[in-house]
Every structure is written in C-alpha cells, then in structure tokens.
1. Over the range 2-69, what is the mean sequence separation of C-alpha contacts under 8 Å (at least six apart), divided by residue count, expressed as relative contact order in percent?
2. Where the centroid of each part is defined by its Cα atoms, how far is the range 156-181 from the range 290-332 in Å?
3. Return one number: the angle in degrees, 0 to 90 and rounded to the nearest 10, between the long axis of the Cα atoms of helix 199-217 and the longest principal axis of the Cα atoms of the chain.
4. Starting from the Kirkwood Rh over alpha-carbon pairs, what translational D in µm² s⁻¹ does the range 140-288 have by Stokes-Einstein at 20 °C and 1.002 mPa s?
5. Nearest 10 degrees, 0 to 90: what angle lies between the long axis of helix 226-237 and the longest principal axis of the chain (Cα atoms)?
6. When only C-alpha pairs under 8 Å and at least 6 residues apart count, what is the relative contact order of the range 86-213, in percent?
7. What per residue convex hull volume, in Å³, comes out for the chain when only alpha-carbon positions are used?
8. If you stretched the chain out fully between residue 126 and residue 462, how much longer would it get, using 0.36 nm times the residue separation minus the C-alpha to C-alpha distance?
C-alpha cells in the first residue's frame, strides 16, 4: 500500500514538473527539476507510466527523447466564461465564484491531487455542517408539505409520475444524455426509444426509472447503508458497465476522472473502509438537507464504483426527502456546466461552496414544483416572459398539427434551431416541452386554439405508442 501511494505521489510530482516547462523536457532536465529520491531506472518507469496513462506524451527516441504534457497550448488561457443565462440563473456566493474560476483554469495550471482523507475524517455529524442553520430552515420551509404526518414515501408516491420524468431526465441530462423531455416521457410511458439516439441513452433513462421506483416503493427500508446504496448503483448501472460483475459492487481497480487533475483512491480495502465510514457518517446526520448535500459531496469524491458515481449520489440525496415526506430534488433547470464545475471544486479543492449553491437553487426550483402547500405568486420567469410570443406560436402550431409526442419532439427542436439563438435553445426547448406535457382542458385557451383543435390534438397526444413485436417474440402456436 505504501509503495502504491508513493508511486502516485511521484507521478503527480513529475506531471507538475513537466507542465512547468515551456515546451518539452529531457529526462535529465526532469530529474534535476523534480529532485525525487529515486534511481534513473525508476524515473524512466514512472515516465513510461505517465505516457501509458495519457497524462504526458513522449517525442523522439533514445537520447533525443523528450516529454511534454498532453495538451499544453502555446499560450495557456483560462476557460471562456459561460453563456450569460447560465451565469445569471444560479446566484453564487463570492467563495463559489472563486471556486468556479479556479477549476476553469487550463488543466496544466491546476495542481494534481489525490484523495484527502481529512476531508471525510474531519466531518463530525451534527457538529460539522456544509449548510448554515438559516439555510436549513429555509429549505425546510420550502420542502415540507402542510397537513398531518403520513407514512414514509407518501408525498413521493403522490407525485411519482411527474418525479419519474423530471428526475430521470434531468439526472441523465447532467451526464450528457441528449434525450429531450418529450423523448423521455415517451420512453417512460410506452417504451418508445428516440430515433437516432444511442441505445445507452435509453438504458440510462430506464435505469433511473427503476432506481426511483425502488426508492419510493421501499421508503420504509431505504437508508444510508450498504444494501440501499449498492442496490441503487446496481439499478442505475444495469447494462451500462463494461464488466457486468461491477454492477452494485465496490471497485477493485483504479479509475481516472476525465478533465480533472484529481486521482481517486486505488487500494480496494481502503475504498471499502472509507465507503463504510461515509455511510455511517451520513446515517448519523440528523438534518435531512445536510444529509443530502453530504452524500452529493462525499460519494462522488470517494468514487467507490467504477462508474455511475454522480448519478448514484444524486438519487441517494433523495433518500431523506422520500423518507421524511419532503419535496424531492430533481435538479430541474440545473446547468450542466455549472454542476460539473461544482463537482470539480470538491474533487480538486475539497471546497463545497459552489456545489452548495447549486444544491440550494436546485432544491428551491424542485420544491416549487412539488410542494403541496399554497405558495404566494412569485416574480414572472424572465426567460418565459422574454419568449412568451414564441412559446405561444410554437405550442399552437403543435396543437393545430395534431402532433404526437414523437413528432412534437422533432418539430420543437427544428423550430428552435431556426428561430432561437444557440445559447438559449436548450432552455427554450425544455420550456416548450414542459408546457406541452402540462396542457389540459383548463389551460389551452391561452394559446388561442379552438376547443375542437385542442380535443383532436389531445386524443393523439395521449395515445399510447404501439408496442414493437421483435422477431421470434410473437404468440406461440
């Protein structure tokens, strides 16, 4: 174990040294700059390992051999700022803004780091806290439905149909899934896969559905324990892992994080120990919102599984909400780039402020959708206000064309591509699809369509897609 940790430290140090050279460096130049207590032969093996891992490249041969970092540009520049609507959507604190700027630096400007055990060891349940008392109180007021206490999972069961679509789509979207909201609804309702999309994307969404149903239906038994988290991972990763045996199993091999300088733990027994410690710590936290944010921070940081760690953490964050009949968090409208930067802040800096701001905003958005309590009318959504005429025009066209969900998804995407600027296009498509899914006999008049037009469309819209009969799967004679 000590030898492996020492090797990882040497690799990280060598990578930093090589990145510091303006272009490339010889082995003698690297040895002089690194000053590591290793032989030249060991140094050669370390450099070969870095090349094999893709962290550096070698050029030339024998005595002319030189090394450089993989993606060193002529001039290192910070990442470009996000689109205006992403920056403005989620209010960020000064510490969160600082984290965002730090993780946006080019990868060669960021210091390679490994798993810092003090980050978990130093957390004391109900003494340490990522959320302030005021933040917890605000979240509780937003998420706790009025009325008498009910059995665990009742609130989630009442909104299950909407939750399945929202959480499955948004969590998959944060992983780069390209299914639209309408594509997702069609897949979950009738099993119809979107044309031209990879089968892995449909599998990812269907896995989310199974995992959400597991949490809601077993609300009395789910908890921060091995049985729940391992089975949750198994449901989310089914048919998506290279090695089927790794489904629902703690990893025994090293993993890398693309686009990051963070190198997770690689020793299997240490992963097991810290996984158990993480779950025990989470279970001991009394506040449900602190529990949710804790698992969103610590589970991806540990990387206990070969893949599907972030997805597992997002659904696991809903365990205290489902058990406590609180509004769940479905990550509605969360910008993918900002979420990625927030997780990088945890990986590379052990700082939680950016992920906390994303979580607070996401929960408020989700609670506004699901809370059963009466809420005062807030300020109009500036995005919807700005695009109100385009929204009315497009929704009316979909209704008059009697478009079903499959056709509507294509028509909305094509219309947006022709009429909406690229930075706002994805958000516009989501708003239109949300409007279409929510339309009913008491809300269509604002789109200036006749009752007969709405009724004709509504019948087509709600028709279940015909099941596909695969060859050899017909009725037995």
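1. Across the range 2-69, relative contact order equals 39 percent.
2. Each part reduced to its Cα centre gives a spacing of 15 Å.
3. 70 degrees
4. It comes out at roughly 121 µm²/s.
5. 80 degrees
6. 17 percent
7. Expressed per residue, the convex hull around the Cα atoms of the chain is 203 Å³.
8. Here the segment from residue 126 to residue 462 would lengthen by 116.1 nm.
Every number here is computed from the coordinates shown, using simple stated rules; none is lab data. Quantities reported herein were computed from a predicted structural model and do not represent experimental measurements. Virtual Cβ from ideal backbone geometry, glycine too; neighbours counted across all protein chains shown.
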